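Student: I have a structure here, written as structure tokens, and I will follow up with some questions on it.
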Amino acid sequence: MPHRSAPFFAAALLASSALAEEPKRAEESFIPNFSVGGTSFTQVGDANFEDTTGSLRRREAEASGNFPILMKEDFRLLVGLEYRWTGFETSGTGLPLDTKSLDLHSVQVPFNLWADLNDRWKLWFRLQPGLQSDMESISDDDFILMSLALASYQWNDWLTLAFGGFYSRDLGEERLLPAIGVILRSDPHWSLALTFPRLEFAYAPNEDWLITARTVLSGGGWNISDPLGGPDVNLYYQAVRSGLGVEHRITGPLWLYGEAGIEFGQQMEVEGSSYDLTTDLEPSPFGSVGAKLRF
């Protein structure tokens, strides 16, 4: 099964490209600017394993912020800090994973550089070192490095094309993937972004409300301690998340939001242990709440 986490990170970075570069000036669009920071909590319902007995429960909490280093009209450099906690609990599998809940951590420091070459061409480069681990033991496999180089071209007033490449080194493996995207905005109230493999439709009836319907990859990969006491093992989790979200501006740059939907195509793998696990999971519902800062 496809278990590597690189497509998930590529989708996450490409999703940012759909929001980070506005094809129209902010005053011409009701779609708000991308968030410079925020917090969120996600609860995913119990998912039964398809290939064996037992079930999985997952929770996530995230916090992030971006800070300007250099801001000019056609050149912008920002540094950020992103933290994500993921909690896994399995039950009824009969495997050592049932003996404890897993607290997994992801800490990343992204550097973003945007350059406007002219009215149509824009460049975006992102370098993102980080750490993905249970923090019980730290090795070279816990450290990751991701980068994205993307060029966007505004074909006309309503169509923007994006293309480039994504590189990652995580869990001891290197990968290079193409990065492509299409963004449609023919009306100031809505946008449609296909930044493969993510699809998002956004509708803003006014300046204080935003409604989104999206389908995106969810999950990741972590280097963790073996519950049996052996060498560290790799845990991979991947799913497709499809949901409907509503955001509302509370005051100034502060927005609150909620999202609900379903996760399907869930896959989990534990690699490198005597109890290697490779299994699919049944679909399960999810719900998210959080806050964002948009300037």
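Student: Within segment 70-120, track down each residue that is polar (S, T, N, Q) and free of Cβ contacts under 8 Å to residues at least 40 places away in the same chain.
Tutor: THR90, SER91, SER101, GLN108, ASN118
Student: Based on this model, can you work out whether THR93 counts as surrounded by fewer than 16 Cβ atoms within 10 Å (Cβ to Cβ), within 30 Å of GLY45 (Cβ to Cβ) and of a type in the set (S, T, N, Q)?
Tutor: Numbers: surrounded by fewer than 16 Cβ atoms within 10 Å (Cβ to Cβ): no; within 30 Å of GLY45 (Cβ to Cβ): yes; of a type in the set (S, T, N, Q): yes.
When the stated conditions are applied, THR93 does not pass them.
Student: Yes or no: GLY87 modelled with pLDDT of 85 or more, buried (at least 17 other Cβ atoms within 10 Å of the Cβ) and under 23 Å from the mean Cα position of the chain (by Cα)?
Tutor: In short, no.
Residue-by-condition table, conditions (1) of a type in the set (Val, Ile, Thr); (2) more than 29 Å from THR52 (Cα to Cα); (3) touching a Pro at 6+ places or on another chain (Cβ under 9 Å):
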position	(1), (2), (3)
SER91	no, no, no
VAL109	yes, yes, yes
LEU113	no, yes, no
LEU117	no, yes, no
LEU127	no, yes, yes
ASP140	no, yes, no
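Student: Answer yes or no as to whether LEU78 is part of a strand (DSSP E or B), out of contact with any Asp or Glu (no Cβ under 6 Å at 6 or more places or on another chain) and surrounded by 14 or more Cβ atoms within 10 Å (Cβ to Cβ).
Tutor: yes
Student: Name the residue that is farthest from GLY272 (Cα to Cα), counting only residues in segment 144-179 that are within 16 Å of the chain's Cα centre (by Cα) and free of Cβ contacts under 8 Å to residues at least 24 places away in the same chain.
Tutor: Filtering first and then ranking leaves SER147.
Student: Here's another thing I want to ask about it. Test GLY252 against the stated conditions and say whether it is among the small types (Gly, Ala, Ser), over 19 Å from the mean Cα position of the chain (by Cα) and modelled with pLDDT under 95.
Tutor: Answer is yes for this residue.
Student: Hey, does segment 215-223 have a residue that's at pLDDT below 90, part of a strand (DSSP E or B), surrounded by fewer than 16 Cβ atoms within 10 Å (Cβ to Cβ) and of a type outside the set (A, V, I, L, M)?
Tutor: No, because not a single residue in segment 215-223 is at pLDDT below 90, part of a strand (DSSP E or B), surrounded by fewer than 16 Cβ atoms within 10 Å (Cβ to Cβ) and of a type outside the set (A, V, I, L, M).
Student: Acidic (Asp, Glu) and either at pLDDT 90 or above or more than 19 Å from PHE75 (Cα to Cα) (or both): does that describe ASP170?
Tutor: Criteria met by ASP170.
Student: Being under 28 Å from PRO96 (Cα atoms), in a strand (DSSP E or B) and in contact with an Asp or Glu (Cβ under 7 Å, 6 or more places away or on another chain) is the filter here, so list the residues in segment 242-273 that pass it.
Tutor: Once the filter is applied, which keeps residues that are under 28 Å from PRO96 (Cα atoms), in a strand (DSSP E or B) and in contact with an Asp or Glu (Cβ under 7 Å, 6 or more places away or on another chain), segment 242-273 yields GLN266, GLN267, VAL270.
Student: Take segment 94-132 and flag every residue that is over 17 Å from the mean Cα position of the chain (by Cα), at pLDDT 90 or above and within 24 Å of SER218 (Cβ to Cβ).
Tutor: Across segment 94-132, the qualifying residues are ASP103, TRP124.
The values are calculated or read from the model by the stated rules, or taken from the named source; none is laboratory data. Keep in mind the model is a prediction, meaning the values are calculated, not measured. When we count neighbours, we look across all protein chains shown, and the Cβ atoms used for this are built from the backbone with ideal geometry, even at glycine.
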